[in-house]
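Each remark here refers to the structure printed beneath this line.
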Number of protein chains: 2
Amino acid sequence: MSTRAQSEIQRIVERLGSAIAEHRLPPGTRLVEAKLVEVLGANRNHVRAALQKLASEYKVVSIIPNRGACVAQPTVKEARDVFSARIVIERAIVDQAIENLNAKNRHRLLKQLEKENDAIQRGERQEMIRESGNFHRVLAQIAGNDVLDELLAGLITRTSLIIALYQETPNVQCSIEEHQALVDAVLAQDRARATQLMDAHMGNIQRYLLLDERPKEVDLQAALQEGEALG
Amino acid sequence: MSTRAQSEIQRIVERLGSAIAEHRLPPGTRLVEAKLVEVLGANRNHVRAALQKLASEYKVVSIIPNRGACVAQPTVKEARDVFSARIVIERAIVDQAIENLNAKNRHRLLKQLEKENDAIQRGERQEMIRESGNFHRVLAQIAGNDVLDELLAGLITRTSLIIALYQETPNVQCSIEEHQALVDAVLAQDRARATQLMDAHMGNIQRYLLLDERPKEVDLQAALQEGEALG
DNA sequence: CAATCCAAAATTGTTAGCAATTTATCTGTA
DNA sequence: TACAGATAAATTGCTAACAATTTTGGATTG
């Protein structure tokens, strides 16, 4: 596969991936190949390859054979596992980031906080989501472990999709105050406090989700059984 | 893509992946599409898709545009990052596995140890590698987090490739004694000891690798400069 | 003999068109 | 109206042939 094709596929992956992460494509949305070809101005083969990748690698797309792709609807179990895995990785990242602190990194962190605040000031919802995700990526990059960074990137996208699916009130995912407190602890190189704040931060995000036992399907069933007559 | 095609691609991925992990395909080996088609009795499209996946998702294959695929040769930095990430995940898994212990899980662990011992008794090198990897997977499955399990699966394959590349004396990767000690600590539900043993275990594997600063290429250069005359 | 160039072979990359399947629409019947 | 069946439309899945690129091997030349 040529570099050109490869980067074209990557372009589509990122375009679709961020649209899903930023809640422009809600869970369950059908992703028809022909439509994507039209909208993205792309080759059908590239679109298909990108969808395959979003399904098998990032798991934010579901592909049903002969019936096409749609934005995934992760189960409660999967949602729990993603959060729990993410906490594991985020903790390690905070720890390693503190170890790698230097003037340049400190600057990067503060600048990222500014970006987030900016997006909040301007009320740009999608930008807020993107930048609050980027905050975690910046920490990962400061930690300096490319493998952890990549694993986290995938989990952030999945987390975003989970929030879109399970968070009723359209809150933003990360509170800027918590990010601020985290940065304070990291800059002070206070490991214990920083990891504890990260735990609490993840816990708070999870707390606002509807991850109690009942699966989503029950809603539909209940609606059909007790629903008012149509028409 | 049909289920049939999907599982065919998966079959090829696993076939190649395990061949790489079990050191039957050493780093640098060229993977020519036509050859793979012949050997695996597969469709060329499926082979290509599998190679793409092994490259972009598992990172055990490198694809150079217009020049084909070969078994990857991870850099020292990548090797370090993989190990460091793996330690993070393994620690978490040990912790969660202890939490989820029950009669069935205890049995599974002991049975896995038997398999490893068996392979060692019979001196089956590739089976030893496979089963020592499976040991870590069993722990992950006991931990019960599918996301962590999948992340670990990828890291185990990468670790195996790294060992093939950087371990001069062809040792087996995991010592059975260390696995035995780990199981003891897990069964005793001694968190502190278990995580510490896992750390040590990973550390020992890493210790036998040649991950000092000089890159691999230097070997070739040196050989060419100081080599004896041919013929 | 080394270096350069050219043609042939090997290998990977791309595409269009058709096949197969699913979904939607229409029609007739009770 | 409700339902079943048939037909058409939409959509995905597959392949074979062709295009592009790189590698190989040898011929030519200084």
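The values are calculated or read from the model by the stated rules, or taken from the named source; none is laboratory data. Only a predicted model underlies this, so the values are computations on that prediction, with no experimental measurement involved. No Cβ is skipped: glycine too gets one built from the backbone with ideal geometry, and neighbour counts run over all protein chains shown. To get the accessible areas, we keep the full protein, side chains included, count just its heavy atoms, and leave off ligands, DNA and RNA. Shrake-Rupley method; radii C 1.70, N 1.55, O 1.52, S 1.80 Å.
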*asked:* Exactly one condition in (1) surrounded by fewer than 18 Cβ atoms within 10 Å (Cβ to Cβ); (2) within 13 Å of another protein chain (Cβ to nearest Cβ) is false for A:L101; which is it?
replied: (2)
*Can you pull out the residues in segment B:137-171 that are more than 19 Å from A:P74 (Cβ to Cβ) and open to solvent by 40 Å² or more (accessible area, probe 1.4 Å)?*
B:R137, B:Q141, B:E168, B:T169, B:P170, B:N171
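Residue-wise test of (1) assigned to a helix (DSSP H, G or I); (2) modelled with pLDDT under 75; (3) more than 14 Å from chain B (Cβ to nearest Cβ).
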residue	(1), (2), (3)
A:I163	yes, no, yes
A:Q173	no, yes, yes
A:E177	yes, no, yes
A:Q180	yes, no, yes
A:T195	yes, no, no
A:D199	yes, no, no
A:M202	yes, no, no
A:L220	yes, yes, yes
A:L230	no, yes, yes
*Name the pairs: first residue in segment A:62-79 and at the interface with another protein chain (Cβ under 9 Å from one of its Cβ atoms), second residue within 16 Å of DNA strand C (Cβ to nearest atom) and polar (S, T, N, Q), Cβ to Cβ under 8 Å, at least 6 apart or on different chains?*
A:I63/A:Q52; A:P65/B:S2; A:P65/B:T3; A:P65/B:Q6; A:N66/B:S2
*Is there a residue in segment B:22-42 that is at negative phi, outside the structural domain of B:R193 (by TED's automatic domain parsing), in contact (Cβ under 8 Å) with a residue 12 or more places away in the chain and among the polar types (S, T, N, Q)?*
yes
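If you go through segment A:185-199 one residue at a time, how many are within 23 Å of A:V88 (Cβ to Cβ) and surrounded by fewer than 17 Cβ atoms within 10 Å (Cβ to Cβ)?
Number of matching residues: 7.
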*Scan segment B:44-79 residue by residue and report those that are among the basic types (K, R) and within 14 Å of the chain's Cα centre (by Cα).*
B:K59
*Scan segment A:53-80 for residues that are of a type outside the set (A, V, I, L, M, F, W, C), closer than 19 Å to A:R11 by Cβ and either away from DNA strand C (no atom under 16 Å from the Cβ) or assigned to a strand (DSSP E or B) (or both) and jot them down.*
A:S56, A:E57, A:Y58
*Of the residues in segment B:38-52, how many are more than 21 Å from A:Q10 (Cβ to Cβ), within 12 Å of DNA strand C (Cβ to nearest atom) and open to solvent by 40 Å² or more (accessible area, probe 1.4 Å)?*
3
